[in-house]
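As structure tokens, the structure follows; a few thoughts come after it.
The values are calculated or read from the model by the stated rules, or taken from the named source; none is laboratory data. Keep in mind the model is a prediction, meaning the values are calculated, not measured. All Cβ positions, even for glycine, are placed from backbone atoms using ideal geometry, and neighbour counts span all protein chains on display.
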Amino acid sequence: MSTSGRESQGVTIWFTGLSGAGKSTIANQLEKILRAQGRKVEVLDGDVVRTNLSKGLGFSKEDRDTNIRRIGFVCQLLTRNGVMVISAAISPYKEIRNEVRKEIGNFAEVYVQAPMEVLIQRDVKGLYKKAIAGEIKNFTGVSDPYEPPDNPEVVVDSSRETVEESVNKVLSKLKELGYLSHVPAGSHGR
């Protein structure tokens, strides 16, 4: 099957949102569907990247910016080589997300949102409760800012949508942008 235009190009699908919003869950499901269609796909999960690529960085604004720039650099390399890259990292600051978008070029931002009450309920480690109690400093969304994107390509609300519904929104947008010729079978998208 031959591809033409953007469909044969790489793209970075950049998931952003607070801890526990569902970025990794949606990203992993999206990866499975794209991989089943024979696409070259890589996932850069924020927690995995911090362990391997950004070990030693803390959570100051400067360190967070460095972490996102590193993820963006890897995304850029993979994207220009025809890979569909899925990044799932909190990436709290608009300025750095926009900088990475500009560097990469082929870029689709997915904002995964959920109300704070839902994030606290989902938090099996109790990090939000500790942050609210002041036991954890620089916790994004509590004691450190999170700046939602102004114009993301896709917005999903994981408190109201199933994982499948959220994935289908992303697939539909990728088709609309020309990165997919069709919404893959089995995704229940249109």
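The table for this structure:
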| quantity | calculated |
| --- | --- |
| Number of the exception - Tyr128 against (1) surrounded by fewer than 20 Cβ atoms within 10 Å (Cβ to Cβ); (2) closer than 13 Å to Ser19 by Cα; (3) touching a Ser or Thr at 6+ places or on another chain (Cβ under 8 Å) | (1) |
| Helices (runs of 4 or more DSSP H) lying entirely in the range 29-145 (those with 3 or more residues that are under 28 Å from Asn168 (Cα atoms)) | 46-52, 61-80, 94-104, 116-122 |
| Inter-residue pairs, beta-carbon under 6 Å, first in contact (Cβ under 8 Å) with a residue 12 or more places away in the chain and crowded, with 16+ Cβ neighbours inside 10 Å and in the range 61-79, second among the aliphatic types (A, V, I, L, M) and in a helix (DSSP H, G or I), 6+ apart | Asp65/Ile96; Ile68/Ile96; Ile71/Val49; Gly72/Val100; Cys75/Ile104; Gln76/Ile104; Thr79/Ile104 |
| Residue, surrounded by the most Cβ atoms within 10 Å (Cβ to Cβ), within the range 1-28, restricted to residues that are modelled with pLDDT of 95 or more, outside any helix (DSSP H, G or I) and of a type in the set (Val, Ile, Thr) | Ile13 |
| Criterion: among the hydroxyl-bearing types (Ser, Thr, Tyr), in a loop (DSSP other than H, G, I, E, B) and either modelled with pLDDT under 95 or surrounded by fewer than 22 Cβ atoms within 10 Å (Cβ to Cβ) (or both) - qualifying residue of Ser159, Ser172 | Ser159 |
